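For reference, the structure discussed in these notes is given below.
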Amino acid sequence: MDVQKAWALVSGKVEDWLREVIRMLPNLALACLVLVLGFFLARMLKNTARRYLLRSVKHHTLNRLFSSFVHLFVLGVTIFIALRILQLDDAVTSLLAGAGIVGIALAFAFQDIAANFMSGIFILLRRPVRIGDIISTKDHMGSVEEINLRDTVLKTFQGQMVIIPNKDILQNPIANFSLLGKRRMDLEVGISYGDDLEKVKSITLEAVNNISGRTDDEVTLFFSSFGDSSINFEVRIWIDSSDQPAFLRARSEAIICIKSAYDAQGITIPFPIRTLDFGIKGGEKLSEMDLHVSSKSSAHAP
């Protein structure tokens, strides 16, 4: 008798499940159709997003990142709709709550990595620096070799490779010497107090007028200060290249031309003068001092 009751109970449960499955068959078929269409749509949108991004963002890693994000987003929406069709709202709520908690925990654990990652995305989108640009930031100056999602690789003029986190690139001032396609050279010079300043200015401007690599921009000269032994001024020359070798060659040529012109015109470039006082109280001449020279006998070898 107990076996019959148990069998009846099991049979009733199985019949209830079968009826529920039969009742859910239309929803199940619709959910499967939504999943198939969603997967197809996700792949199509991923490829479309990659093609459009290639026109504006010339960085393959960033293109793959954004297209993968579009793909995952569409898949997530598709799965959410399928679960709603199957009336599994509680499961959807639990999944979203769990994903939110995991996301918050990961954000706190990897906040520096996330900050550099987001900074890398902004750098690649806004493009304040590009590969090959000569920049100066955080006491480092050199040519940009790589721009990754986490860091930027800079090659200094001394040959060292400096890896700078993207957060430091984005949050600190950047001097980009390549944006204008030219670079200004500021050359400081000092001349004697006895020289004619107008003559010095004319000769200096004429001397640097034909140096190689100079642009059509006007060469300017400004007197800046009265030094200890010289009147100082600054010559500003624009060079048609931002590369460091071209900059150094132009500066070297300018120094040679200015020195040759000054020698030909008798203009003096002074050097520091030091007065040596040999007196204890000061003011005594070396010729008036009583010098005592002691000699030592030298031993002769047998």
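The values are calculated or read from the model by the stated rules, or taken from the named source; none is laboratory data. In this text, all values refer to a predicted model and were calculated from it rather than measured experimentally. Because the Cβ atoms are built from the backbone with ideal geometry, glycine has one as well, and the counts that use them run over all protein chains shown.
Observations on the structure shown:
For (1) modelled with pLDDT under 90; (2) closer than 19 Å to Phe177 by Cα; (3) assigned to a strand (DSSP E or B), each residue gets a yes or a no:
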| position | (1), (2), (3) |
| --- | --- |
| Trp238 | no, yes, yes |
| Pro245 | yes, yes, no |
| Thr268 | yes, no, no |
| Lys281 | yes, no, no |
| Glu284 | yes, no, no |
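- Leu179 aliphatic (A, V, I, L, M) and farther than 26 Å from Leu248 by Cα: no
- Positions within segment 137-191 being of a type in the set (A, V, I, L, M) and farther than 17 Å from Ser119 by Cα, in sequence order: Met141, Met161, Val162, Ala175, Leu179, Leu180, Met185, Leu187, Val189, Ile191
- Within segment 210-236, the set of residues being in contact (Cβ under 8 Å) with a residue 24 or more places away in the chain, touching a Lys or Arg at 6+ places or on another chain (Cβ under 9 Å) and either within 11 Å of Glu188 (Cβ to Cβ) or assigned to a strand (DSSP E or B) (or both) comprises Phe223, Phe233, Arg236.
- Across segment 140-147, not a single residue is classified as more than 16 Å from Ser242 (Cα to Cα) and outside any strand (DSSP E or B).
- Failed item, numbered, when Leu170 is tested on (1) in contact with a Phe, Trp or Tyr (Cβ under 7 Å, 6 or more places away or on another chain); (2) not assigned by TED's automatic domain parsing to the domain that holds Ser143: (2)
Per-residue answers, yes or no, for (1) under 28 Å from Arg251 (Cα atoms); (2) buried (at least 19 other Cβ atoms within 10 Å of the Cβ); (3) touching a His at 6+ places or on another chain (Cβ under 7 Å); (4) of a type in the set (Lys, Arg):
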position	(1), (2), (3), (4)
Ile131	yes, no, no, no
Ser143	yes, yes, no, no
Thr152	no, yes, no, no
Lys155	yes, no, no, yes
Gln160	yes, no, no, no
Asn166	no, yes, no, no
Ile174	yes, no, no, no
Arg184	yes, no, no, yes
